[in-house]
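The values are calculated or read from the model by the stated rules, or taken from the named source; none is laboratory data. Note that this is a predicted model, so its numbers are computed, not measured. Neighbour counts run over all protein chains shown; Cβ positions are idealised from the backbone, glycine included. Note: accessible area is taken over every heavy atom of the protein model, side chains too, but ligands, DNA and RNA are not part of it. Shrake-Rupley method; radii C 1.70, N 1.55, O 1.52, S 1.80 Å.
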Amino acid sequence: MTKEELCTAAMAMLDRAYCPYSHFPVGAALECSDGSVFTGCNIENAGYSPTICAERVAVGKAVSEGHRDFVRIAVAGRSEDFCVPCGVCRQVLQEFAPDIEIICLNRAGESRTFALKELLPYGFDNTWLPK
Ligand code: THU
């Protein structure tokens, strides 16, 4: 899939977002090394804290289908600024793909790409755990 196709897949998910509380839709499209793509949207909850971000929905769909080798993720929002992943999503991405590339989109469809390592320096991983 081209970068444009991945971004289009993420933007298409904006219409599936369930965000009656924040009114801030987010769409994600996660690409695996074998070329498969898993999409996600944010799913909010009246209890607020059970809300799950678009990126983690995509990761959950991929991992539960046997895919863990992630290469790129596109994250789409409808704000003027680029939609960057929250801290929890950065940590979840690091668990499986510390070298993943993150394409952040704004409402105009313009993008800015980051390495996860730029967005999450010194992230926690299993090398910090006792042996
Ligand atoms: N959200 C995401 O889905 N991904 C992000 O990267 C940032 C935040 C969601 C969570 C919540 O439903 C709404 O956006 C506002 O925070």
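Residue by residue through region 98-131, note down the ones that are open to solvent by 90 Å² or more (accessible area, probe 1.4 Å) and in contact (Cβ under 8 Å) with a residue 24 or more places away in the chain. Give the derivation first.
Within region 98-131, the subset open to solvent by 90 Å² or more (accessible area, probe 1.4 Å) is 99, 107, 110, 112, 117-118, 122, 124, 126-128, 130-131.
The answer is R107, E110, R112, F124.
Quick one: count up the residues across region 55-85 that are over 17 Å from L14 (Cβ atoms) and in a loop (DSSP other than H, G, I, E, B).
5
Under 7 Å by Cβ, and 6 or more places apart or on different chains, what pairs join a residue from region 80-93 that is under 9 Å from C53 (Cβ atoms) with one that is among the hydroxyl-bearing types (S, T, Y)?
Pairs that qualify, where the first residue is under 9 Å from C53 (Cβ atoms) and the partner is among the hydroxyl-bearing types (S, T, Y): there are none.
Each row is one residue, and each column tells you yes or no for (1) near the ligand (Cβ under 10 Å from one of its atoms); (2) exposed (fewer than 15 other Cβ atoms within 10 Å of the Cβ); (3) not aliphatic (A, V, I, L, M).
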{"position": "E44", "(1), (2), (3)": "yes, no, yes"}
{"position": "S49", "(1), (2), (3)": "no, yes, yes"}
{"position": "L93", "(1), (2), (3)": "no, no, no"}
{"position": "F96", "(1), (2), (3)": "no, no, yes"}
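Can Y122 be described as modelled with pLDDT under 95 and aromatic (F, W, Y)? Show your work before the answer.
Working: modelled with pLDDT under 95: yes; aromatic (F, W, Y): yes.
Here the answer is yes, as Y122 does meet what is asked.
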